[in-house]
Amino acid sequence: MKSFPKQFNFLIMKNKITYACLVFVLSCSFMVHAQIPKLEKQYLLDFYKSTNGENWQNTWNLQDNPSTWYGVEIQNGHVTALKLYRNNLTGTIPDGIAKLSHLKSLNLAFNVLQGKLPEDIFQLTNLTTIRLEMNKLTGNLPQDYSKMKQLEELSIFNNLLQGPIPVGIGEMSNLKLLNLSSNYLEGSLPRSMEKLGKLERLELFGNKLAGAIEVDLGRLVNLKELILSYNSFEGDLPSGMATLSNLEFVQLQGNDFRSLNSLLRMQSSKLAVFDSDDEFLNMKFGTSKASETRIVDTKFEDARRN
């Protein structure tokens, strides 16, 4: 039997390897651009229609693959992020967003969205970020947060939300930022907030919250920003607040606190802003009402888009 020269065998082997590599690259390319599940795609289409997608600043070509759509991120064949920050969204967020079961980040901030907040947003167990600030959302906050074990950021400031802060909000054990400022929330702070041990920023500026604060703020040991300004809180502040050694920004002004004496022994050496209705404390911690007050409410924040 006639044998081929070694050089010829080498060329055959080289061509086989090249062909295999080409098949692998094409397969990977197909996987990247593979269609997402029908349920996920249908929800994106419903979302596009409900928020007047034709008028978005960056719109979608519905004939193209969803992987090319602006603000849609896909990994392993599933939608993992919907980032349509400042994109001229109007209308309402449609129900059914729980179909995007792999969603990790939802950023619809700085748009003109109206209507109620779909409760099934808080059924998305993989979410780490929800940013809905600077819209016109109405209604009450949902009650059930028991599935939000991964959520680190909940920002819904500057909307038209009403009602109390739900007791269930304490179930979000990984939460680092909670910003509900500039709404119409009322009632007292739920004691369940004590369970938010990883919280770094609590911002409730400009609501209708009232009554004595019975939450032991001293349990929020990682807290850096505490913004309670311009509500109707009253009574004494919890003594545990003075033990928060990581505090950098504190704003308490515009309330009816009876006494702030418990704060005379603030343990934090990091305070950059301290604003209250007590001029002595303002001077003690380096600020005064005569100085330009910084409101650490991020209603005009434009820096974090992710």
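Below, the figures for the structure above:
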read-out: Radius of gyration and maximum dimension Dmax of the range 36-284, Cα, Å; value: 19.8, 65
read-out: Nearby aspartates and glutamates by direct alpha-carbon distance to Lys195 (threshold 16 angstrom, same-chain neighbours under 8 apart not counted); value: Asp144, Glu152, Glu153, Glu171, Glu214, Asp216
read-out: Ranked His102, His78, criterion: other C-beta atoms within 10 Å, fewest first; value: His78, His102
read-out: Scattering curve values for the range 81-167, log₁₀ I(q)/I(0), Debye with Cα scatterers, q = 0.10, 0.22, 0.26 Å⁻¹; value: -0.21, -1.16, -1.59
read-out: q = 0.23, 0.25, 0.30 Å⁻¹, the range 50-104: log10 I(q)/I(0) [Debye, one scatterer per Cα]; value: -1.06, -1.20, -1.34
read-out: Hits among aspartates and glutamates - C-alpha to C-alpha of Lys41 under 15 Å, sequence gap 8 or more where chains match; value: Asp64, Glu73, Asp95
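No lab work stands behind these numbers, since they all come straight from the coordinates. Small disclaimer: the values here were computed from a predicted structure and weren't measured. Please note: Cβ atoms are built from the backbone with ideal geometry, for glycine as well, and neighbour counts cover all protein chains shown.
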